[in-house]
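The structure appears right after this line, and notes come after that.
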Amino acid sequence: MLTTSLATPPAPLSARRRWTVLAVCALSMFLVGVDTTIVNVGLPEIGRGLDVGTRGLEWVVDAYTVVMASLLIVSGALADRFGRRRVFRCGLLVFGLASLACAAAPSLEVLVAARAVQGIGASMLSPVALAIVVNAMPDPRERARAIGVWASVFGLSMAAGPVTGGALIASFGWRSVFWINAPVVVAALVLVAVFVPESRGERARRLDLPGQVLLTAVLCLSVGLLIEGPRIGWTSSVALGGYVLTAAAVAGFVRAELRRGEPLMDLALFRRPSFATAVLGATAVFAALNTTLLLDTLYLQHARGWTPLATGAATLPMALGATVCAPWAGSMVGRLGPRRPLVLAGAFIAAGGLCLVGLDQDTAVPLILCALLLIGIGFGFANAPLTNTAVSGLPSSRAGVAGAITSTARQVGAAVGIAVAGGLVAGSGPADLAAASRPGWLLVSACGLFLLVVARTAGSRGAVGSGR
C-alpha cells in the first residue's frame, strides 16, 4: 500500500486572502450550478430546434448529471493526490471546451455526448472547490460561515439557471446557454491561477478502478431505466434485464468496496446516522428541486403557452428564497447547529409541493409563484446544514472525498428528479400535462418531509465539527 506523505502544510492565509479564495471557488461553482438547471427552461426550444421529444430531452439534462455524479468521488480523490488547484483548472478547461461543443451541436446525439463531457469537467470542480474552501478555512466556525456562503452561491446558481436561460434564449436562441460559459471559464482560470493556493491530502491513495466502473454502471443503469421505463414497459424483458444488471452492479460495488483497503467510497461511514442521513437528505433536496424545475417549465410552456423568458422569470421567487435563506442557514449552523435550518427546509419544501398537488389548466399564477418561493426558501435553508454535516463527518485530510460524496448525492438526486418528472409527463398533451404532473408535486412534498427525519439525526448546538 502506498503511504508516502504528500502533505505540504500551506502558509497561513490572511483573512482577505481566505475570503478571496472562497469568492473564486464560488464563481466556478456558480458556473456548475447554473449549467445543471439552465438547460431546463430551454428544453422545449431545444426539442423544436433538434426535432426531439420529451424523453430525448431528458438525456440532455441527465447525461450531464449522471456522468458528473459517477466521477465526483474519484475526482475528489485525484485532487487530494495530485493537487486540488491543478485538478480544478483541468476541470475548468474541459468544461469550457465541452460547452463550446454543446453550443455547436448539430444533433441530439452530439449534444448529449458533449453534455456528458461537460459532466466530466464539472466533476473536477464541485468537490474540489469545497475542499479548497475547507483547506483555506481552518477555524470550524469560520468554515461554517464560508460553507454557508458557498452553499448560498451554489443554491442561487441552481435557482437562477432558469432565469438566466430564459433571458438568453429570448435574445439569442438556445445555443447561447452554452456559449455564455466561455468567458466565465476564462475569467475563472485567470483568478484561480492568481489567488488559489495549491493543496493536497495528507497521503496518496490508490485509485479504485473496479469501484469506479461499478458505481458508473449503477448510476447509468438506474437512471436509464427511469427514463426509458415508460417507453419500453416496466415489465418488459429489456426492463427486467436492466433490473437484474442494476442489482448485480450494486452487489458488486458493495462487495468490492468492503474488500478493498482504500475504497472509492468508505461504506463504513454510512453506519454513522448523521452522515448517512445528510447524504440521503442532499439526494432528496436535489430531487425536489429538479422535479420542480422540469415540471414547472413543461407546464408553463406547453400547457399555458408561456415564452421561455416568462417561464424563467417565474422562477425568480425561487431564486430569491434560495439567495436570502442560504447565508442565513450558514449563520444558523455556526451558532445553533444544523437541526433548526433542516426543520425549516423540510417544512417549506413540503408546503411548496402541497400547494401544487391540485394543479390544473387554470391554477392561479400567484399560487404557482408562492409554491416556487416556498420551495426556494426550503432549498436555501437545506444546503448549508447538509454540506456542513457531511464534511464535518470526515477528517479534514479527506475533504475532497467528503465534498465528493455529498456532491454525488446531489447529482444523483438531480438525475432521479429529472427522470421521474420526465417519465410522468412524457407523451402527455397540453391539456393533460397538469394532471400528469400531480404525482411529481407529491414527490416534492415527500422529499421535504424526509428532511424532517434528517433533522432528527443531525446535531444541535455545537454540531459544527472539526472533522474528526
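The values are calculated or read from the model by the stated rules, or taken from the named source; none is laboratory data. Since the structure is predicted, the reported quantities are computational estimates derived from the model, not experimental observations. Ideal geometry is used to build each Cβ from the backbone, glycine not excepted, and the neighbour counts take in all protein chains shown. Just so you know, the surface numbers come from the protein's heavy atoms only, side chains and all, with ligands and any DNA or RNA stripped out. Shrake-Rupley method; radii C 1.70, N 1.55, O 1.52, S 1.80 Å.
Rounded to the nearest 10 Å², what accessible area does L31 show when all protein chains are kept and the probe is 1.4 Å?
Around 10 Å² of this residue is reachable by solvent.
Once label points are set 7 Å from the Cα along Cα→Cβ at both R255 and R48, what is their separation, rounded to one decimal in nm?
The modelled label-to-label distance comes out at 5.2 nm.
Please work out the average accessible area per residue across the chain, using the 1.4 Å probe convention, and give it in Å².
Computed with neighbouring chains in place, this is 36 Å² per residue.
How much of the accessible area of the chain, in percent, comes from carbon and sulfur atoms when a 1.4 Å probe is used?
Here it works out to 68 percent.
Could you sort L374, L295, L320 by their accessible area in this structure, using a 1.4 Å probe and putting the largest first?
L320, L374, L295
How many nm is it between the label spots at E109 and R456, if each spot is 7 Å from the Cα in line with the beta carbon?
Inter-label distance under the simple model: 5.1 nm.
If you average the sequence gap of Cα pairs under 8 Å that are 6 or more apart and divide by the length of the chain, what percent do you get for the contact order?
Relative contact order of the chain: 25 percent.
Report the Rg/Rh value for the chain, based on alpha-carbon coordinates and the Kirkwood definition of Rh.
The Rg/Rh ratio comes out at 0.95.
Which loop-located chymotrypsin sites (Phe, Trp or Tyr not before Pro) does region 190-262 contain, where loop means any DSSP state but H, G, I, E or B and the Cβ has at most 12 other Cβ atoms within 10 Å?
Listed in order of number, the matching sites are W234.
In whole Hz and in residue order, list the ³J(HN,Hα) couplings for region 96-112 that follow from phi through the Karplus curve 6.51 cos²θ - 1.76 cosθ + 1.60, θ = phi - 60°; x for Gly and Pro.
Along region 96-112, the couplings run x, 5, 5, 4, 5, 5, 4, 5, 9, 4, x, 8, 4, 4, 5, 4, 5 Hz.
Measuring from centroid to centroid over Cα atoms, what is the spacing of region 21-42 and region 420-449 in Å?
What the calculation gives is 26 Å, centre to centre.
With charges only on Cβ, +1 for K and R and -1 for D and E, what is the dipole size of the chain about its Cα centre, in debye, rounded to 20?
The dipole magnitude comes to about 1760 debye.
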